[in-house]
Amino acid sequence: MTGPSIKIGTYAELGTAADELRRQVFIDEQGVPEEEIFDGLSGQAVHTVVFDGGVPVATVRMRQDGDSWRIGLVAVDKSRRGQHLGEKMMRTAMAYIAVHDGREIALTAQQQAKGFYEKLGFRQCGEIKVLESGFVLVPMKY
Ligand SMILES: CC(C)(COP(=O)(O)OP(=O)(O)OC[C@H]1O[C@@H](n2cnc3c(N)ncnc32)[C@H](O)[C@@H]1OP(=O)(O)O)[C@@H](O)C(=O)NCCC(=O)NCCS
């Protein structure tokens, strides 16, 4: 039996699988407005998707901005959380960024996920922002 496989690729290669999971986690489960997830920036980004038995179970988006990279849309299937899938995927994404001249990685964390990113070495780098929708966002850097 083989375990989950991690793939890194373009939106053309991985966008369908990544978007399916993003819709489930952010829009259906968390109630994030659709336009914040499908923001038009995925086409130029690099995507990591973890597949298990052909099904996408985790995903992250990586975008280059000069010397620095931005990580976003980090999602693990609800039934697969707490199994270190998110951590493995993030470490793969961070290693990819490191070999592509990424001197700094920025992200905006939902406050409830801040500890997850801290375990990976990210630190808060600015003011917390409270959105009208109730989400509390923390800027972080690695
Ligand atoms: C946040 C999320 C990506 C974490 O993925 P996961 O696969 O469940 O996390 P892992 O099992 O890899 O956890 C790695 C470590 O981080 C810790 N951790 C995980 N989620 C955490 C959280 N929300 N707060 C604090 N610590 C957390 C784990 O306990 C584990 O610690 P350990 O090494 O001491 O055992 C996942 O819960 C998720 O998709 N949530 C819904 C979408 C979301 O909120 N995304 C983040 C948007 S900013």
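Report ³J(HN,Hα) in whole Hz for each residue of region 114-129, in order, from the Karplus equation J = 6.51 cos²θ - 1.76 cosθ + 1.60 where θ = phi - 60°; Gly and Pro get x.
For region 114-129, the Karplus-derived couplings read 4, x, 4, 6, 4, 5, 8, x, 7, 10, 4, 10, x, 6, 6, 10 Hz, x marking Gly and Pro.
Please compute the Cα-Cα pair-distance distribution of region 5-104 with 5 Å bins starting at 0, giving whole percents from short to long.
The distribution over region 5-104 is 2, 14, 25, 26, 20, 10, 3, 0, given as percents.
Compute the FRET efficiency between Ser5 and Arg123 as 1/(1 + (r/R0)^6), taking r as their Cβ-Cβ distance and R0 = 25 Å, and round to the nearest 0.05.
0.20
Carbon-plus-sulfur fraction of the accessible area of region 5-104, 1.4 Å probe, in percent?
48
Ignoring everything except DSSP H segments at least 4 long, calculate the 222 nm mean residue ellipticity for the chain; use -39,500 (n - 2.57) per segment, divide by total residues, nearest 500.
-7500 deg cm²/dmol
Suppose all protein chains stay in the model; what accessible area per residue would a 1.4 Å probe give for the chain, in Å²?
Ligands and nucleic acids excluded, the result is 56 Å² per residue.
Work out the charge dipole of region 41-120 with +1 on the Cβ of Lys and Arg and -1 on the Cβ of Asp and Glu about the Cα centre, then indicate which of Ile105, Ala58, Leu41 is farthest towards its positive end.
Farthest towards the positive pole: Ala58.
At a 10 angstrom cut-off on C-beta neighbours, averaged per residue, how do the peptides 37-50, 127-140 rank from highest to lowest?
37-50, 127-140
Take the Cβ-Cβ distance between Gln30 and Val99 as r, set R0 to 35 Å, and report the resulting FRET efficiency rounded to the nearest 0.05.
E(calc), rounded to 0.05, equals 0.65.
Once the Cβ-Cβ distance between Lys78 and Thr108 is put in as r, and R0 is 35 Å, what FRET efficiency do you end up with, to the nearest 0.05?
The pair Lys78/Thr108 has a calculated efficiency of 0.95.
The values are calculated or read from the model by the stated rules, or taken from the named source; none is laboratory data. On a predicted model such as this, the values are computed, not experimentally measured, just so you know. Quick reminder, even Gly has a Cβ in these numbers, built from the backbone with ideal geometry, and neighbours come from all protein chains shown. These area figures cover heavy atoms from the full protein model, side chains too; ligands, DNA and RNA do not enter into them. Shrake-Rupley method; radii C 1.70, N 1.55, O 1.52, S 1.80 Å.
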